[in-house]
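The values are calculated or read from the model by the stated rules, or taken from the named source; none is laboratory data. Every value quoted in this text rests on a predicted model; they were computed, and no experiment measured them. Don't worry about glycine lacking a Cβ; one is built from the backbone with ideal geometry, like all the others, and counts go over all protein chains shown. Quick note on the areas: whole protein, heavy atoms, side chains included, nothing else; ligands and nucleic acids left out. Shrake-Rupley method; radii C 1.70, N 1.55, O 1.52, S 1.80 Å.
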Amino acid sequence: MNYTLRIWRQENAEAKGGMVTYKVSGISPDSSFFEMLDILNQQLIEDGQEPVSFDHDCREGICGTCSLYINGRPHGPVKGVTTCQLHMRSFKDGDTITIEPWRAKAFPVVRDLIVDRSALDRIIQAGGYVSINTGGVPDANSIPVPKERSDDAFDAAACIGCGACVAACANAAAMLFIGAKVSHLALLPQGEIEAERRVMKMVECMDGLGFGGCSNTYACEAECPKGISVTNIAILNRGFLTATLMKQKEKPSKGESF
């Protein structure tokens with residue numbers, strides 16, 4: 001199969017970028033998208049040109065490292081699939097494929113298709129720790145958890161932090177990412193102790209990193225490769241409201257002294 005590729009090339013964060021067109025031919029329909037890019041890069045190297053830089057790691061859809069915007073969609077045209085699990089049979093022979101990096105103020109371009117997503121790491125860091133006893137291995141049933149809450153927490157924990165939700169959002173909001181991280185801890189008894197402080201710190205950090213506000217278009221849920229539900233945003237909002245009210249309640253009233 002033969003393809004025309006329009007790829008964003010940018011030497012570094014300060015340089016001006018632009019789309020560059022390449023041709024690749026003889027691609028197997030069973031090749032993954034990254035294997036196709038590997039073939040392109042081998043071709044560029046043999047021609048004495050700089051290969052295209054792009055993020056990848058496990059290539060099994062579990063690490064969240066891949067981050068390509070393909071034909072106007074994060075991770076490409078197949079729902080519930082990361083770029084590394086996308087295969088060339090999802091495109092027609094002769095197609096023109098446009099490949100761009102994530103576009104968001106909080107995700108500056110590092111080089112070509114690589115963006116700096118450390119803002120998501122800083123949000124996780126702001127959330128802090130979980131108070132659990134790290135002594136011996138506890139029995140599996142020593143802390144009873146209702147199955148429904150356990151399932152909901154597991155679904156939220158499936159977030160791989162790739163940032164597709166941010167890239168899909170017209171406002172570059174990170175609410176689905178934070179909602180998933182808040183939910184998977186807040187729904188379990190192990191995460192309840194710091195729940196209020198965690199949600200306040202994470203939202204405060206998000207606001208300072210340049211992410212936009214949520215406008216409820218559900219584009220984040222539609223493009224999430226792991227099917228994270230927007231109900232996690234509702235859990236986040238409820239937790240934030242509760243934490244805000246509790247914080248106000250704890251403030252000493254005017255004239256009250258301690």
If a residue counts only when it is under 24 Å from the mean Cα position of the chain (by Cα), which strands (runs of 3 or more DSSP E) contained entirely in region 1-72 have at least 3 such residues? 3-9, 68-70
State whether one or more residues within region 84-91 are touching a Lys or Arg at 6+ places or on another chain (Cβ under 7 Å), modelled with pLDDT under 95 and under 27 Å from Val166 (Cβ atoms). no
Contact list please: Cβ distance under 9 Å, first residue in region 178-190 and closer than 20 Å to Ser142 by Cβ and without any contact (Cβ under 8 Å) to a residue 40 or more places away in the chain, second residue assigned to a helix (DSSP H, G or I) and open to solvent by less than 30 Å² (accessible area, probe 1.4 Å), pairs at least six apart or on different chains. His184/Ala153; His184/Ala156; His184/Gly191; His184/Asn232
With respect to Cys205, is the statement that it is over 25 Å from Ile132 (Cα atoms) and at pLDDT 90 or above true? no
Using the structure shown, decide if Phe211 is open to solvent by 70 Å² or more (accessible area, probe 1.4 Å), among the aromatic types (Phe, Trp, Tyr) and either out of contact with any Lys or Arg (no Cβ under 8 Å at 6 or more places or on another chain) or over 30 Å from Ala140 (Cβ atoms) (or both). no
When you scan region 170-181, how many residues do you find that are out of contact with any strand residue (DSSP E or B) (no Cβ under 6 Å at 6 or more places or on another chain) and under 17 Å from Ala234 (Cα atoms)? 8
For region 78-94, does any single residue satisfy the condition of being under 21 Å from Phe177 (Cα atoms), surrounded by fewer than 13 Cβ atoms within 10 Å (Cβ to Cβ) and within 23 Å of the chain's Cα centre (by Cα)? yes
Residues in region 22-42: is at least one charged (D, E, K, R) and within 13 Å of Asn2 (Cβ to Cβ)? yes
Filter pass, Cys205 being closer than 22 Å to Ala119 by Cβ and not in a helix (DSSP H, G or I): no
When you go through Ile160, Ile114 one by one, which is the residue that is more than 12 Å from the chain's Cα centre (by Cα), at pLDDT 95 or above and within 23 Å of Gly76 (Cα to Cα)? Ile114
Is it the case that region 165-184 has a residue that's open to solvent by 40 Å² or more (accessible area, probe 1.4 Å), outside any loop (DSSP other than H, G, I, E, B) and on the phi < 0 side of the Ramachandran plot? yes
Could you please let me know if Ile193 is open to solvent by 70 Å² or more (accessible area, probe 1.4 Å), at negative phi and either out of contact with any Asp or Glu (no Cβ under 7 Å at 6 or more places or on another chain) or not in a loop (DSSP other than H, G, I, E, B) (or both)? yes
Can you confirm whether region 146-159 contains a residue that is open to solvent by less than 10 Å² (accessible area, probe 1.4 Å), within 18 Å of Cys224 (Cα to Cα), outside any loop (DSSP other than H, G, I, E, B) and of a type in the set (Gly, Ala, Ser)? yes
Condition first: over 24 Å from Arg197 (Cβ atoms), surrounded by 10 or more Cβ atoms within 10 Å (Cβ to Cβ) and among the β-branched types (Val, Ile, Thr). Now tell me which residues in region 114-145 satisfy that. Ile114, Val115
Pairs returned, first residue in region 65-94 that is more than 15 Å from Ser32 (Cα to Cα), second residue that is charged (D, E, K, R) and part of a strand (DSSP E or B), beta-carbon separation under 8 angstrom, 6 or more apart or interchain, are Tyr69/Glu100
Looking at (1) in contact with a helix residue (DSSP H, G or I) (Cβ under 8 Å, 6 or more places away or on another chain); (2) buried (at least 17 other Cβ atoms within 10 Å of the Cβ), which is the one condition that is false for Cys162? (1)
